[in-house]
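Data block below; observations after.
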Amino acid sequence: MSMLAKKELTDNIKKALNNENLRSALGSFADGFVQDRNAAYEDEDFEALRKKVREARDYAVEHLDELADKFQEEAEKRGAIVYRAKDAQDANQYIQKLCEEKGVETVVKSKSMATEEIFLNKHLEKHDIDITETDLGEWILQLQESHPSHMVMPAIHLKKEEVADLFSEEVGYEVSPEVEGQVELARQELRKKFLSAGMGITGGNLAIAETGTIALVTNEGNARLTTTLPPIHVAVVGYEKLIAKFEDAIAALKALPRSATAQHITSYVTMVTGQVPTIVEGEEGKKELHIILLDNGRREMLSDPTFKQAARCLRCASCLNVCPIYKQVGGHVYGHVYAGGIGSILTAFFHGYETSDDVQEMCIGCRRCAEFCPGNINIPDLILELRRRLTEKRGLPFIFNVGIKGILGNSRLMHTGLKLASKFQGPITDGDMIRHLPLAFSEITECKSLPKIADKPFRDQIKNINQKVDSPTETVAFYAGCAIDFAYPEVGTSLVKVLNKENIKVEFPQTQACCGVPAKYLGDMETMRKLAKQNIKALEGSYDHIITACPTCAEAVIEGFAEALAGEPEWQRRAKKVASKVKDFSQYLANKGYEVGDGTKKRKVTYHDSCHLTRSLRLQEKPREVLKSSNNIDFVEMRDSDICCGFGGSYSFKHPNVAKEVLKDKLDNVEATGADTLAMDCPGCLMQLKGGADKHGVNIDVKHTAEILAENL
Amino acid sequence: MAVAEDKVIGNNLDELYDRFVKKAETLTTQVYRAKSGNEVLEYIQKEVNELGAKKVVGHESELLAEIGLKGKIEGVDVKTKNIVEEVETADIGISELDIAVAKSSTLIQNAESYEKRVVSMLPKTHIAIVKTNNLVPDLPDAFEVLREKYGTAVPPYLAFITGPSKTADIERTLTIGVHGPGRLVVIFVD
């Protein structure tokens with residue numbers, strides 16, 4: 001990304017984090033959304049519904065030309081004029097010329113992301129055509145000369161006082177900051193526009209090929225008026241909205257409102273099929289209908305084997321609503337029409353790859369959005385792929401190039417370097433923590449203290465552990481990962497202690513290296529492949545199991561290695577063989593029916609679900625089973641235990657001020673439980689939460705599950 | 001789970017009606033059930049009185065023509081002819097809806113007629129008359145009815161209406177009645 005774009009992003013983030021109105025609006029919304037949304041799905045099977053959405057859209061993508069032709073044929077048979085626009089300019093010019101040809105001077109528009117995307121308003125205004133947004137939120141933003149920060153609730157970032165000022169200026173008298181009156185004012189002002197407009201422009205939520213139908217979903221009723229009152233209707237619809245059959249609409253009509261606004265169905269669904277009767281100045285006639293099928297990068301997206309699944313997006317924005325980053329910064333930080341995770345993907349295709357470079361970086365990779373997406377889109381993986389392609393184009397930034405390729409990719413250099421660093425970190429450490437970093441790095445330690453690099457890494461400590469397991473029932477390899485090896489060796493020694501007690505011998509293959517995920521997350525697959533091979537070689541011994549205590553590392557060995565080596569079948573086979581032996585520590589114990597002895601310390605424990613343990617490995621119940629087996633552990637759940645702690649690997653170093661806010665939310669939830677111990681199964685989260693608790697003066701023991709189990713053994 | 005509950009509901013009209021009412025209440029939709037045309041008129045009269053309506057427009061479907069709106073409501077002259085000029089300033093619009101979906105309290109209408117459309121869009125109150133017989137359990141059932149009736153020749157304008165017009169665009173404060181009617185009254189007629 002260019003330095004300028006980077007600076008703009010950083011400035012936008014700062015501005016957003018300092019905007020109290022925005023923060024409180026988004027905070028209270030995010031807190032209530034999941035509950036409301038889940039209630040709306042109580043009478044529908046979410047998985048079954050999203051399967052239907054997925055099937056309908058996937059079918060359409062596979063038969064795109066056929067369905068587009070069919071749609072055009074059916075719509076034209078019924079009197080519509082269908083125009084295929086290749087890009088924004090093409091679509092804008094078509095509408096402008098149509099206005100000029102028909103002598104249209106005023107246009108009303110109902111909410112449509114596609115027309116936002118092509119900047120239609122700006123284009124028509126430039127040609128002296130008066131266009132008015134009729135969705136309340138969009139109208140407010142039009143008056144403010146701003147743009148939406150959310151796909152469904154465009155003006156969520158504004159207060160009623162700000163709305164009052166905008167309205168006062170528009171109508172020329174003082175409007176009070178009272179919502180009901182503001183809505184009534186909008187009704188009256190916009191009604192005049194509806195009654196006098198020469199053209200109504202809409203988007204389209206669905207385009208049904210079989211019947212040539214456009215379906216529109218609204219709550220305010222503005223799409224009904226837009227499609228009824230003016231004599232000409234223009235619908236701008238992306239190719240990805242095509243579905244084959246009339247009945248295919250059902251799943252989308254059920255899923256979209258449930259996921260968007262926790263409604264069973266929106267107040268209005270309007271289906272327009274061809275020309276419809278109208279009355280203009282007392283004359284009965286047929287209304288003119290123009291449908292613009294918009295490409296603008298869509299066809300490239302829909303023919304891309306990886307990104308075609310983005311066609312399943314219903315524009316419900318639930319991915320934004322559950323995103324811990326969006327909650328902190330809102331939509332404007334993303335700087336483009338489509339915000340958030342899915343936004344960076346759509347932006348890449350609609351506005352160009354480079355345009356999305358800064359926004360894709362906002363994703364922390366927690367995968368929560370994918371759980372909620374009614375189109376079952378794997379948003380985080382698509383972002384990683386986007387990042388990979390961007391990196392391929394422009395290379396890694398210099399500092400990462402040295403760090404990732406030069407050091408991470410060379411494990412001997414990295415291990416030596418870390419050992420050396422442990423000797424020279426003296427001036428900045430304070431006990432076991434680094435509480436302040438000098439100058440340029442100070443922002444990183446503003447929110448959390450860092451662990452100091454261990455005096456003796458786990459790889460050296462294990463050599464001196466005398467494992468008193470004479471006739472072991474099983475021999476396992478421990479794949480530690482960098483964080484345990486160099487920052488938290490005590491997690492490793494605890495693990496050995498617990499397993500030895502169960503008569504299991506632990507071996508540590510010394511040639512194991514970093515799992516490569518940091519490289520992958522920066523889009524550097526070359527380093528990922530190199531490390532994958534090295535680790536496969538290290539872990540191929542005749543072990544009964546390979547035990548991990550870091551879910552990110554586990555995910556890398558289970559899926560990441562084989563994925564990265566997809567082009568090399570022999571290596572992929574070896575990767576899969578190694579993968580089949582991996583068990584996460586808590587999973588391994590829980591599956592054995594392990595019970596924590598009553599000798600452990602009395603603790604009131606709350607548990608933080610690490611993103612990768614929960615949403616990749618799906619093991620969130622395993623550590624709970626193990627911890628709850630002790631009479632000495634009083635287990636309490638915290639609110640939103642599955643929301644990211646803000647670590648996200650290098651994320652907390654790249655965007656420390658955003659990560660800080662995510663962390664603060666988490667610590668608030670922890671404190672509210674009154675627990676004396678915070679447990680987790682991920683050393684990354686441990687780094688974030690231990691450091692965070694230390695910095696924020698939260699008096700709580702932050703521990704990996706292995707450490708709790710090893711007490712008093 | 002409520003999914004199981006659906007099966008229990010089945011096609012019994014009374015149960016479907018109850019389900020419709022239960023959902024409608026959460027959306028502030030007022031629902032009545034009338035045994036006869038006269039009873040429909042009584043409910044309309046009640047609404048007119050309560051709202052203090054001065055001007056009422058109605059779109060005469062076969063059913064509404066049979067009930068006969070004109071001259072039956074005290075205090076107002078219900079307009080059913082040339083309503084396009086009147087509808088913008090009317091307090092109440094009356095029209096017939098074709099299908100009622102119990103689960104979501106949704107009404108579906110073939111709204112090809114321009115007059116029929118504006119009657120349910122422009123006035124602040126919309127009174128929807130539906131035959132109780134036309135209640136179906138869920139959205140897929142409604143699509144089945146539409147498919148049977150029209151095949152692929154779907155009407156040029158199909159309207160689905162669920163509760164009043166609403167917005168939460170300012171500070172997420174739910175406000176009723178933006179561009180469409182703020183009050184929706186549904187009268188089922190047996």
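The values are calculated or read from the model by the stated rules, or taken from the named source; none is laboratory data. Since we're looking at a predicted model, the values are computed, not measured. Note that we place each Cβ from the backbone using ideal geometry, even for glycine, and neighbour counts take in every protein chain shown. Just so you know, the surface numbers come from the protein's heavy atoms only, side chains and all, with ligands and any DNA or RNA stripped out. Shrake-Rupley method; radii C 1.70, N 1.55, O 1.52, S 1.80 Å.
Quick notes on this structure:
A quick yes/no check of all residues on (1) within 12 Å of the chain's Cα centre (by Cα); (2) within 7 Å of chain A (Cβ to nearest Cβ); (3) without any contact (Cβ under 8 Å) to a residue 60 or more places away in the chain:
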site: B:ASP138; (1), (2), (3): no, no, no
site: B:THR152; (1), (2), (3): no, yes, yes
site: B:THR162; (1), (2), (3): yes, yes, no
site: B:ILE170; (1), (2), (3): no, yes, yes
site: B:ILE176; (1), (2), (3): no, no, no
site: B:GLY182; (1), (2), (3): no, no, yes
site: B:ASP190; (1), (2), (3): no, no, no
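- Top-ranked residue of the stretch A:664-706 - restricted to ones that are free of Cβ contacts under 8 Å to residues at least 40 places away in the same chain and not in a helix (DSSP H, G or I), ranked as surrounded by the fewest Cβ atoms within 10 Å (Cβ to Cβ): A:GLY697
- Some residue of the stretch A:248-265 being within 11 Å of another protein chain (Cβ to nearest Cβ), among the hydroxyl-bearing types (Ser, Thr, Tyr), surrounded by fewer than 24 Cβ atoms within 10 Å (Cβ to Cβ) and within 22 Å of B:ALA168 (Cα to Cα): yes
- Any hit, the stretch B:74-89, residues being aliphatic (A, V, I, L, M) and either more than 13 Å from every other protein chain (Cβ to nearest Cβ) or at positive phi (or both): yes
- A:ALA207 meets the conditions (1) buried (at least 23 other Cβ atoms within 10 Å of the Cβ); (2) more than 16 Å from A:LEU294 (Cα to Cα) in every case but one. The failed one is (2).
- Every condition in (1) in a loop (DSSP other than H, G, I, E, B); (2) over 21 Å from A:LYS602 (Cβ atoms) holds for A:GLU661 except the one numbered (1).
- Helices (runs of 4 or more DSSP H) wholly inside the stretch A:1-107 containing at least 2 residues that are under 30 Å from A:PRO231 (Cβ atoms): A:64-77, A:88-102
- Pairs, first over 11 Å from A:LEU289 (Cβ atoms) and assigned by TED's automatic domain parsing to the domain that holds A:LEU124 in the stretch A:71-90, second among the acidic types (Asp, Glu) and crowded, with 19+ Cβ neighbours inside 10 Å, C-beta under 9 Å, six or more apart: A:ARG84/A:ASP295; A:ALA85/A:ASP295; A:LYS86/A:ASP295; A:ASP87/A:ASP295; A:ALA88/A:GLU117; A:ASP90/A:ASP295
- Of the residues examined, A:LYS241 is not one that is among the basic types (Lys, Arg), open to solvent by 10 Å² or more (accessible area, probe 1.4 Å) and in contact with a Ser or Thr (Cβ under 8 Å, 6 or more places away or on another chain).
- Which listed residue, of A:GLY331, A:GLY403, A:GLY417, A:GLY340, is in contact with a His (Cβ under 6 Å, 6 or more places away or on another chain) and modelled with pLDDT under 90: A:GLY331
- Residue satisfying all of: in the stretch A:167-193; in contact (Cβ under 8 Å) with a residue 24 or more places away in the chain and open to solvent by 30 Å² or more (accessible area, probe 1.4 Å); nearest to the other protein chains (Cβ to nearest Cβ) among these: A:LYS193
- Search result, residues across the stretch A:215-238 that are closer than 18 Å to A:ALA260 by Cβ and in contact with a Ser or Thr (Cβ under 8 Å, 6 or more places away or on another chain): A:ALA215, A:LEU216, A:VAL217, A:THR218, A:ASN219, A:GLU220, A:GLY221, A:ASN222, A:ALA223
Conditions tested, residue by residue: (1) more than 30 Å from A:GLU371 (Cβ to Cβ); (2) modelled with pLDDT of 95 or more.
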residue	(1), (2)
A:LEU49	no, yes
A:ASP58	no, yes
A:ALA75	yes, yes
A:VAL82	yes, yes
A:LYS97	yes, yes
A:ILE129	yes, yes
A:PRO154	no, no
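- Entry remark, the stretch A:142-166: residues being assigned to a helix (DSSP H, G or I), open to solvent by 40 Å² or more (accessible area, probe 1.4 Å) and at the interface with another protein chain (Cβ under 8 Å from one of its Cβ atoms) number 1 in total.
- Hey, B:ARG117 closer than 22 Å to A:THR227 by Cα, within 9 Å of chain A (Cβ to nearest Cβ), out of contact with any Cys (no Cβ under 7 Å at 6 or more places or on another chain) and basic (Lys, Arg) or not: yes
- Residue selected from the stretch B:160-175 under the condition of a type in the set (Gly, Ala, Ser) and touching a Leu at 6+ places or on another chain (Cβ under 6 Å), by the criterion nearest to B:ASP98 (Cα to Cα): B:GLY163
- Of the criteria (1) under 19 Å from A:ARG459 (Cβ atoms); (2) touching a helix residue (DSSP H, G or I) at 6+ places or on another chain (Cβ under 7 Å); (3) small (Gly, Ala, Ser), which one A:ALA538 fails: (2)
- Output for the stretch A:589-608, where each listed residue is free of Cβ contacts under 8 Å to residues at least 60 places away in the same chain and of a type outside the set (Gly, Ala, Ser): A:ASN591, A:GLU595, A:ASP598, A:LYS602
- Whichever residue in the stretch A:112-161 is in contact (Cβ under 8 Å) with a residue 60 or more places away in the chain and farther than 23 Å from A:THR227 by Cα and, among such residues, is farthest from the chain's Cα centre (by Cα): A:LYS159
- Taking the stretch A:371-385 as the range and being open to solvent by less than 20 Å² (accessible area, probe 1.4 Å) and among the aliphatic types (A, V, I, L, M) as the test, the residues that pass are A:ILE377, A:ILE379, A:LEU382, A:ILE383.
- Answer residue from the stretch A:210-234, given it is away from every other protein chain (no Cβ under 11 Å) and in contact with a helix residue (DSSP H, G or I) (Cβ under 7 Å, 6 or more places away or on another chain) and is surrounded by the most Cβ atoms within 10 Å (Cβ to Cβ) among those: A:VAL234
- Residue that is nearest to the other protein chains (Cβ to nearest Cβ), among those in the stretch A:108-141 that are polar (S, T, N, Q) and not in a helix (DSSP H, G or I): A:THR134
- Residue selected from the stretch B:134-190 under the condition of a type in the set (Ser, Thr, Tyr) and closer than 28 Å to B:GLU15 by Cα, by the criterion surrounded by the fewest Cβ atoms within 10 Å (Cβ to Cβ): B:TYR150
- Between A:THR273, A:THR261, the distinction of being within 17 Å of A:ILE201 (Cα to Cα) and of a type in the set (Val, Ile, Thr) belongs to A:THR273 only.
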